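Visitor: The structure under discussion is supplied below as structure tokens; questions concerning it will follow.
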Amino acid sequence: MTGSSWWDLALGVAAGLLLSWLALIAALAVLRPRGGLLREALRLLPDVVRLLRGLATDRDLPRGVRVRLVLLLAYLALPIDLVPDFIPVLGQADDAVVVVVVLRGVVRRAGLGAVRAHWPGTEDGFAAVVRLAGLDRRRDGRT
């Protein structure tokens with residue numbers, strides 16, 4: 001490869017990464033909880049992290065669910081945010097938004113009963129998690 005070919009490749013990779021990052025920010029903006037739910041998600045984050053840890057170690061759950069939870073916990077442990085803090089709303093709440101998005105999929109796959117069994121917080125907190133996950137107890141037969 002010539003010098004200009006490497007330069008073209010580097011620019012192409014950088015442009016692809018930038019477009020992927022912008023798509024991620026757009027997806028987070030669309031999927032974020034609306035209204036007071038975002039504040040609730042931030043308030044519940046410590047209990048939700050304990051919930052995620054408990055679910056990730058539950059051998060009764062499907063492996064795919066546990067892998068997603070372990071990856072989410074690893075993301076939360078990273079000191080680097082996907083969305084810089086200077087970006088309004090999402091910059092301050094990107095961790096909560098990512099947790100809510102993953103939690104929605106986990107609850108739908110594992111069932112509300114598994115989440116209930118591992119929930120470390122209050123009943124009000126659990127009700128908020130149900131709202132954040134977009135589920136209603138009456139609709140989910142696995143409680």
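The values are calculated or read from the model by the stated rules, or taken from the named source; none is laboratory data. For clarity, every value in this text was computed on a predicted model and none was experimentally measured. As a convention, Cβ positions derive from the backbone with ideal geometry for all residues, glycine included, and neighbour counts pool all protein chains shown.
Visitor: So which residues in segment 25-44 are at pLDDT 70 or above and crowded, with 16+ Cβ neighbours inside 10 Å?
Guide: Listed by number, the list holds a single entry, L44.
Visitor: For the subset of segment 92-126 comprising residues that are of a type in the set (A, V, I, L, M, F, W, C) and over 17 Å from P46 (Cβ atoms), which member is nearest to the chain's Cα centre (by Cα)?
Guide: Selected residue: V101.
Visitor: Does at least one position in segment 80-89 carry a residue that is surrounded by fewer than 16 Cβ atoms within 10 Å (Cβ to Cβ), within 14 Å of the chain's Cα centre (by Cα), on the phi < 0 side of the Ramachandran plot and at pLDDT 70 or above?
Guide: Yes: one or more hits.
Visitor: Does L132 qualify as being closer than 12 Å to L52 by Cα and in contact (Cβ under 8 Å) with a residue 24 or more places away in the chain? First the steps, then the outcome.
Guide: On the way: closer than 12 Å to L52 by Cα: no; in contact (Cβ under 8 Å) with a residue 24 or more places away in the chain: yes.
No: the conditions fail for L132.
Visitor: What's the total number of residues in segment 96-129 that are touching a residue at least 12 places away in the same chain (Cβ under 8 Å) and among the charged types (D, E, K, R)?
Guide: Residues in segment 96-129 being touching a residue at least 12 places away in the same chain (Cβ under 8 Å) and among the charged types (D, E, K, R): 4 in total.
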